[in-house]
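Asks: Please read through the structure below; I'll follow up with questions.
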Amino acid sequence: MKKVAVIYWSQTGNTQQMAQLIAQGALEGGAQVECMPVSSLTPEQALEYDGLALGCPAMGAEVLEEAEFDPFFTQLEGHLQGRTLAIFGSYGWGDGEWMRSWQNRCAAAGASLVGGEGLAVCGTPAGEDEARCIALGKALA
Ligand SMILES: Cc1cc2nc3c(=O)[nH]c(=O)nc-3n(C[C@H](O)[C@H](O)[C@H](O)COP(=O)(O)O)c2cc1C
């Protein structure tokens with residue numbers, strides 16, 4: 001059975017809700033799933049999973065959260081060649097620039113993204129966005 005980790009950083013719970021829906025989808029897709037905040041594991045531990053879904057909201061000025069998530073992703077970056085991963089996150093007022101930059105970093109690292117792009121949701125996931133999160137988890141599984 002494929003082992004999937006859904007790893008996220010979230011301040012007000014929106015990206016966490018996305019993570020839980022993605023984990024639900026991966027479980028429905030037949031994977032063994034763990035869903036956890038980024039503070040709970042090392043990049044080395046993350047690389048032991050067959051499938052990775054990484055979530056972080058737009059923070060700062062259209063960047064990944066800088067204290068925990070960006071350092072974590074930066075350490076992973078050199079080990080993503082040939083891997084397929086899902087990336088996701090919630091944003092507020094921007095146009096998704098943080099997600100485009102993140103997608104570019106994944107491409108430069110040699111990773112492909114499930115669905116071809118990151119999943120960005122404005123605010124709290126609801127309705128169609130919830131379905132998109134679940135579908136992303138299923139596709140990753
Ligand atoms: C310090 C800070 C910086 C933010 N910067 C951006 C930004 O650059 N672009 C944007 O669209 N939203 C920005 N936001 C809004 C968050 O991305 C949005 O509230 C998101 O839903 C938070 O996700 P979370 O509930 O998982 O923490 C910012 C929020 C905070 C608190």
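No lab work stands behind these numbers, since they all come straight from the coordinates. Every value quoted in this text rests on a predicted model; they were computed, and no experiment measured them. Glycine gets a Cβ as well: all are built from the backbone with ideal geometry, and neighbour counts include every protein chain shown.
Asks: Could you tell me, in Å, what Rg and Dmax come out for the Cα atoms of the chain?
Replies: Answer for the chain, Rg first and Dmax second: 13.3, 40 Å.
Asks: Something else about it: Looking at the range 1-140, send over the antiparallel percent of its DSSP beta bridges, to the nearest 5. Present the calculation step by step, with values, prior to reporting the outcome.
Replies: Numbers: 1 of 22 bridges.
Bridges in the range 1-140 are about 5 percent antiparallel.
Asks: Helix-only estimate, please: 222 nm mean residue ellipticity of the chain, summing -39500 (n - 2.57) across DSSP H runs of length 4 or more and dividing by its residues, to the nearest 500.
Replies: Values: 5 runs with 53 residues, N = 141.
Dividing the helical sum by the residues of the chain leaves -11000 deg cm²/dmol.
Asks: Right, next: Using a Gaussian network model of the chain with C-alpha springs under 10 Å, which one of M99, M59, M18 is most mobile by mean-square fluctuation?
Replies: Looking only at M99, M59, M18, the largest GNM fluctuation is found for M59.
Asks: In nanometres, what is the gap between the two model label sites at E97 and E68, each 7 Å from Cα along Cα-to-Cβ?
Replies: Label at E97, label at E68, 2.6 nm between them.
Asks: If each residue of separation counts as 0.36 nm, what is the full-extension length gain between T124 and Q45 once their alpha-carbon separation is subtracted? Provide the component values of the computation, followed by the final result.
Replies: Values: separation 79, 0.36 × 79 = 28.44 nm, distance 2.89 nm.
Roughly 25.5 nm would be gained on extension.
Asks: Something else about it: Given H placed on each backbone N at 1.01 Å, which residues far from C35 in sequence or on other chains put an amide H within less than 5 Å of it?
Replies: So C35 has HN proximity to V6.
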